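Have a look at the structure below, then the notes.
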Amino acid sequence: MLKGKIKKTVWRSILKKIICLISILIFISKNLLLSQISELSKEYLIIESLKDPSLASKMYILGPGDRINLNLWGNVNAEYRLRVSQDGTIFIPRYTGPAKSQVPDAYQAMVTSDVVPSLGEILAEGLTTDELEEEVTKRVKKYYRGVNVWISIYVLRSVPVSVHGSVENPGTYSITPLYRLSNLIEIAGGITETGSYRNITIKSAIGVSNTYDLYEFLYRGKMEQNPFIKTGDIVIIPQAVISVRISGRVLRSGNYELKEGEKLKDLIEIAGGFQKRGSLTRAIKIYNIKNSDDVTEIDAYKLLVENDSLSNIELETGDVVSIPMEPFTVTVVGQVTLGGTFEYEAGADFSYYLGLAGGYSERANTGNIRITGWDGKQLKWKQGVEIKPGD
């Protein structure tokens with residue numbers, strides 16, 4: 001009986017553990033799924049927003065396939081939904097019927113007519129909505145006075161474009177004219193690890209090619225390097241020529257691509273420059289991934305302050321640049337009461353740090369106090385010796 005009870009207890013315990021484990025796995029998988037859905041939703045919303053006509057600026061250029069609202073209000077009220085045809089024109093037909101447009105309150109009491117003769121064809125391609133409003137107003141004035149014109153876009157045209165080369169999902173995409181180069185790359189899955197951000201070619205439908213550098217947009221905010229994509233454009237992403245890594249006390253550690261002619265100083269600038277505690281007194285170290293024993297040391301002060309051209313060396317693919325940290329602590333060890341590492345206080349002397357460490361212990365030899373600097377050099381302490389960060 002006792003054995004049976006023990007077995008039942010053991011099995012219940014095992015069963016509880018299994019149920020608990022299954023619950024944890026379900027919880028983790030559910031949260032991972034929700035996380036993935038959240039990321040997909042975020043990306044979906046970003047891309048979907050580029051189809052929104054309300055995002056089109058006043059500088060948006062109309063073209064075949066765009067659909068517009070045309071409202072007349074005042075002495076005549078009418079509303080049209082028109083499409084820019086393949087030849088770039090809109091045709092404004094005869095209007096008969098109740099006006100659906102929202103007439104401003106100031107005009108509500110006026111006697112109006114809801115019959116408008118055909119206004120004919122007007123060239124819309126190449127115009128903004130404001131410019132098209134002016135053209136329609138000229139046409140309306142031939143028939144009526146006191147009539148206002150308002151035009152808005154309600155459907156953006158689709159633009160066929162192609163992206164090739166070093167992207168995750170090369171191919172042809174149908175986008176709106178609101179898409180910029182970076183948006184197209186995003187829907188194509190992004191640039192591959194070995195792809196170039198800095199030598200992207202866009203070949204237009206008429207065969208004109210231009211090269212763009214997305215770093216100039218991403219890190220310097222130059223919008224001209226992130227152009228709008230036009231009908232028939234072919235985007236070509238080549239392989240990066242020089243790819244290096246920078247780590248340590250810079251604002252943006254990571255892998256970066258260098259263009260021909262760019263050097264160490266350019267890399268540091270692209271990475272956002274030194275952080276607050278980036279050291280100008282310690283050497284920048286450059287490691288080569290092909291040979292771990294090959295380490296180059298560069299004087300940071302000469303490079304960045306004195307602009308020494310010899311210090312601004314060229315880098316090779318696989319180089320790893322390490323930016324050192326300026327020390328900001330002082331450590332006290334040995335025959336003291338507490339000991340420890342303390343934040344550096346500019347101008348503070350030896351007795352200040354000795355006090356933080358609790359003072360001398362009973363066995364302290366006060367005639368043999370030594371200071372080891374951040375650079376490894378040792379000296380015997382005496383009154384007046386400066387305490388530096390890292391000591």
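The values are calculated or read from the model by the stated rules, or taken from the named source; none is laboratory data. These numbers come from a predicted model, not from an experiment. No Cβ is skipped: glycine too gets one built from the backbone with ideal geometry, and neighbour counts run over all protein chains shown. For the accessible areas, the whole protein counts, side chains as well, though only heavy atoms, and no ligand, DNA or RNA atoms are used. Shrake-Rupley method; radii C 1.70, N 1.55, O 1.52, S 1.80 Å.
Every residue in the range 167-183 that is surrounded by 20 or more Cβ atoms within 10 Å (Cβ to Cβ) and not in a strand (DSSP E or B), please. Once the filter is applied, which keeps residues that are surrounded by 20 or more Cβ atoms within 10 Å (Cβ to Cβ) and not in a strand (DSSP E or B), the range 167-183 yields THR176, PRO177, TYR179, LEU181. Count of the range 366-391 residues, restricted to those that are farther than 19 Å from PHE342 by Cα, open to solvent by 100 Å² or more (accessible area, probe 1.4 Å) and either basic (Lys, Arg) or in a loop (DSSP other than H, G, I, E, B) (or both), is 4. If you filter the range 171-192 down to residues that are touching a residue at least 60 places away in the same chain (Cβ under 8 Å) and of a type outside the set (A, V, I, L, M, F, W, C), you find that the one that is farthest from TYR154 (Cα to Cα) is GLU186. Looking across the range 296-326, the residues that are in a loop (DSSP other than H, G, I, E, B) and open to solvent by 40 Å² or more (accessible area, probe 1.4 Å) come down to VAL305, GLU306, ASN307, ASP308, SER309, LEU310, ILE313, GLU314, GLU316, THR317, GLU326. Residues in the range 128-157 that are loosely packed, with under 14 Cβ neighbours inside 10 Å, under 20 Å from ALA56 (Cα atoms) and not charged (D, E, K, R): 2 in all.
Across the range 272-292, the number of residues qualifying as free of Cβ contacts under 8 Å to residues at least 24 places away in the same chain and either of a type in the set (Asp, Glu) or not in a loop (DSSP other than H, G, I, E, B) (or both) comes to 2. For the range 72-95, the set of residues classified as at negative phi, open to solvent by less than 10 Å² (accessible area, probe 1.4 Å) and either in contact (Cβ under 8 Å) with a residue 60 or more places away in the chain or among the charged types (D, E, K, R) (or both) consists of LEU72, VAL76, VAL84, listed by residue number.
Which residues, counting only those in the range 283-295, are open to solvent by less than 90 Å² (accessible area, probe 1.4 Å), within 20 Å of ILE242 (Cα to Cα) and under 32 Å from the mean Cα position of the chain (by Cα)? Scanning the range 283-295 gives ILE284, LYS285, ILE286, TYR287, ASN288.
Residues checked against (1) over 22 Å from THR192 (Cα atoms); (2) touching a strand residue (DSSP E or B) at 6+ places or on another chain (Cβ under 6 Å); (3) surrounded by fewer than 19 Cβ atoms within 10 Å (Cβ to Cβ):
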| position | (1), (2), (3) |
| --- | --- |
| GLY232 | yes, no, yes |
| ALA240 | no, yes, no |
| ILE246 | no, yes, no |
| ASN255 | no, yes, yes |
| ILE268 | yes, no, no |
